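Here the structure is laid out as structure tokens; the discussion comes afterwards.
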Amino acid sequence: MIVDHNIIDPLIIRQKISFFMQKYPHLISVFLSFFLLMTFCANAQTPVDSIEVMVTDPQLLVKSRTKDGKVDIRWAPNDHLLFRIANRKGYRLERKDTAANKWITLLDRGPYTVEEFKANLDTTNVHVATAAQCVYGAPLAQINPVNVLGSAKELEEEQNMRYAFALLSADYEKQAAEGLALGFQDKVLVPGAIQIYRLYIRDLNPEEAVMDTTFFVVNTSIISAPTPVQKFLVYPEPNHIVIKWGKEENNLFFSGYYIERSEDEGKTFKRLNDQPLLTSDSEEFDEFNAFHLYSDKDVLSGKSYHYRVIGVTPFGDEGLPSETILSKAIDVNGPMPPVNVDARDIGNNTIRVCWETRQISEDQTGFVVWRAASPTGPFYPLFENPLPNTISEYIDKNAIPIQANYYIVYSLDDKANQNGSAITMAVWYDTIPPAQPQALAGYIDTSGYLTLAWAYGEEADLQGYNIYWSNGPDREFYPLNAKPVQGNIFLDSITMETISEKIFYKIVAVDFNMNQSDPSEVLELIRPDIIRPAAPMLSAYKSYPDSISITWQLSPSKDVVAYQVFRKLSGQEKYDVLTTISDPRQNTFTDKSTKAGQTYVYAIVAIDDAMLYSKISDPYTITALKVLKRVPISNLIGRIDEATAEFELSWSYQAQGDYEYVIFRNVDDNGWQNVANIRKSQQSYIDKNLFRASSNFKYAVQVIYKDGGEAPLSNIVQLNLLD
């Protein structure tokens, strides 16, 4: 019956809500927090079927996936107050158009009105009807309307339950999510692309709520694939069979579960629950906190049943069936279980399992050994026919290699009742290390990002690799990783601000028993040079009429391979490259392209082996000498003083400018030598160093000007001592 603001008879939903409020008032908050945690709070992690980046601490919790070329998006406010505000204001979901740098609105509304629920959705569906009732249903009659505090508490609990049932309905039925405006399906624009979204409540007033926009990113290259329920276990109890599956392993992916049973050896299955099963935690029983539990009481003793569980995702569809497990409804009062079970590696890849028995009952038929790769199972029997009661050990020749093996020994009776021992573990004793890692190679880019790669080892028990580094091949190496690296690639970042150009690496292989291989060959890598060399410094120069020579102090940087000399005319802004000197030890250069009297500015830079240029040196401004013609001395005469054996030169010279006289002497025609420099005012010179062994002396005088000009040699005066 459809009446005002009610999609179905309001008593149905009101009875459902009031039933929980009256019978389990203490479970309301537990149920609600469990539901939210289970379906949405995994958004801070990276789920299997999508990549979501929550940029803010969300008040709108979002979950998404990519499937069939579309992005399914589900969201929920994080409390009933925000839920009520959103129902009035509505949601706005937008996708970023990165090409146009704008946001495109995908959904801009609140929940459907009652009329829209009727027109657009199947209101005979209990979840659709529940969703509408949670939004538009009339309030429940209050149990204690006179007490103000009690009335407020009842109203709070009712709103919590409406909120919880609304979210649960949206999880179980896509139409319910559509009606509540808690879901949207967007097309994948470009396969494999990253799509950016934001979600917020529309038109919030400051006095109503203050909340942030929820941003999230979907990598459409990660396609959602149906997943089965994990950690599924079945075991018999008296007159019923208990089915359980782990909460931690499944609640990140499913909001509810269907239990199915087969009575024809797994050919066909029948669902045991009409609506998805959801169980809350318990303060009294730890098992209820670790597992969902379901008890199948509609069984016949001794009959075999196959069970499986199918999860319902928050997107309203089903995952894959779990593994199928066979069980029998039997009396579980089986024989006394074995005790003191021990499992040991006895070599040759075999494990011996042995046990003791305290009592053998008349109906006991023997023992069966079960094995698992984990202490939590699942365990599987190692053989079909039980061992005789007289046997108390079993040799497992097909144990799981490398890793630990877990065993349970069951005692069986003729009615297939069984009791299991405590779990025991067998560990392989391995003292053989992996082979030395080979083909270590690496690369460091200019940002300091390191990539190492090597040939992956072939050992079956290889756990991974430890990476070590050092500043020298013969120095101590330090570990880079806290636990073994799986695979054969390692990424890291290193500092580039260091004087050490080289860095060295080696790796060590580690197996599951922590046996370590010999280190690999040491790999030498060179950090890309990002530090410019120190600048050289001009230190001296000489100017000539036809050239200028400059000298500089070499750069102290060790990796300098060349220098560049720059020159410009005085008054110009831009330097020209005059030459490149490829010898890093050369510190002089003569510029022979100068013009006399022209003023030049010189500078120099150093270049290192990474082609990085130093700062330009401080400049030198130098003027090339002018070419001036000077008049020589032409009246040089000489006179010998025989008493003192001294030879006196004299001359006269009158010219403008600042100059001095240079006295040259040639003994026995062995070449001219400078014997004295005479100041301008002195126009004579006495040579007191005549050599008796020599017979011929020639003299000449040259005028040298301070501006660089010089006159030709004077006339030559000759002295022959043998005459």
- Query: Which condition breaks for LEU140 when tested against (1) surrounded by 14 or more Cβ atoms within 10 Å (Cβ to Cβ); (2) modelled with pLDDT of 90 or more; (3) assigned to a loop (DSSP other than H, G, I, E, B)?
  - Reply: (2)
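I'm trying to understand the selection: among the residues of the range 182-205, which are of a type in the set (Gly, Ala, Ser) and within 19 Å of TYR91 (Cα to Cα)?
GLY183
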- Message: Please verify whether GLU283 is part of a loop (DSSP other than H, G, I, E, B) and at pLDDT below 90, treating the condition exactly as stated.
- Response: yes
- Message: Against the definition (β-branched (Val, Ile, Thr), outside the structural domain of LYS595 (by TED's automatic domain parsing) and farther than 18 Å from PRO434 by Cα), how does ILE494 come out, yes or no?
- Response: yes
- Does at least one position in the range 402-419 carry a residue that is small (Gly, Ala, Ser), surrounded by 15 or more Cβ atoms within 10 Å (Cβ to Cβ) and not assigned by TED's automatic domain parsing to the domain that holds PHE367? no
- Out of all the residues in the range 673-715, which are surrounded by 14 or more Cβ atoms within 10 Å (Cβ to Cβ) and farther than 21 Å from ASN635 by Cα? LEU690, GLY708
- Within the range 171-230, track down each residue that is under 30 Å from GLN133 (Cα atoms) and small (Gly, Ala, Ser). ALA176, ALA177, GLY179, ALA181, GLY183, ALA209
- Note on the structure: Inside the range 420-455, the number of residues satisfying the requirement of being more than 30 Å from VAL353 (Cα to Cα) and buried (at least 17 other Cβ atoms within 10 Å of the Cβ) is 6
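From the list ILE402, ILE467, which residue is outside any loop (DSSP other than H, G, I, E, B) and farther than 25 Å from SER304 by Cα?
Working: ILE402 fails: outside any loop (DSSP other than H, G, I, E, B).
Step by step, each of ILE402, ILE467 is checked, and only ILE467 is outside any loop (DSSP other than H, G, I, E, B) and farther than 25 Å from SER304 by Cα.
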- Task: Determine which member of the set TYR163, TYR200, TYR258, TYR172 is over 38 Å from the mean Cα position of the chain (by Cα), aromatic (Phe, Trp, Tyr) and assigned by TED's automatic domain parsing to the domain that holds ARG84.
- Result: TYR163
- From the list LYS629, LYS680, LYS698, which one is farther than 30 Å from THR580 by Cα and assigned to a strand (DSSP E or B)? LYS698
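Does GLY366 satisfy the condition of being farther than 27 Å from ASN417 by Cβ and surrounded by 16 or more Cβ atoms within 10 Å (Cβ to Cβ)?
The answer is no for GLY366.
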- Query: Given the conditions (1) over 17 Å from ALA426 (Cα atoms); (2) free of Cβ contacts under 8 Å to residues at least 24 places away in the same chain, and given that LEU382 satisfies all but one, which numbered condition is not satisfied?
  - Reply: (1)
- Subset of the range 574-592 [part of a loop (DSSP other than H, G, I, E, B) and either buried (at least 16 other Cβ atoms within 10 Å of the Cβ) or at pLDDT below 90 (or both)]: TYR575, PRO584, ASN587
- Message: I'd like to know if the range 308-317 contains one or more residues that are within 19 Å of PHE367 (Cβ to Cβ), at pLDDT 85 or above and surrounded by fewer than 19 Cβ atoms within 10 Å (Cβ to Cβ).
- Response: no
- Among the candidates ILE222, ILE243, which residue alone is within 17 Å of SER327 (Cβ to Cβ) and β-branched (Val, Ile, Thr)? ILE243
- Item | Count of the range 645-698 residues which are free of Cβ contacts under 8 Å to residues at least 24 places away in the same chain, closer than 18 Å to ASN720 by Cβ and touching a strand residue (DSSP E or B) at 6+ places or on another chain (Cβ under 9 Å) | 1
- Query: Any idea which of (1) assigned to a loop (DSSP other than H, G, I, E, B); (2) under 46 Å from the mean Cα position of the chain (by Cα) is the one ILE607 doesn't satisfy?
  - Reply: (1)
- Query: Can you find a residue in the range 277-292 that is surrounded by 16 or more Cβ atoms within 10 Å (Cβ to Cβ), under 40 Å from the mean Cα position of the chain (by Cα) and β-branched (Val, Ile, Thr)?
  - Reply: yes
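The values are calculated or read from the model by the stated rules, or taken from the named source; none is laboratory data. Every value quoted in this text rests on a predicted model; they were computed, and no experiment measured them. Reconstructed Cβ throughout: ideal geometry from the backbone, glycine too, with neighbour counts over all protein chains shown.
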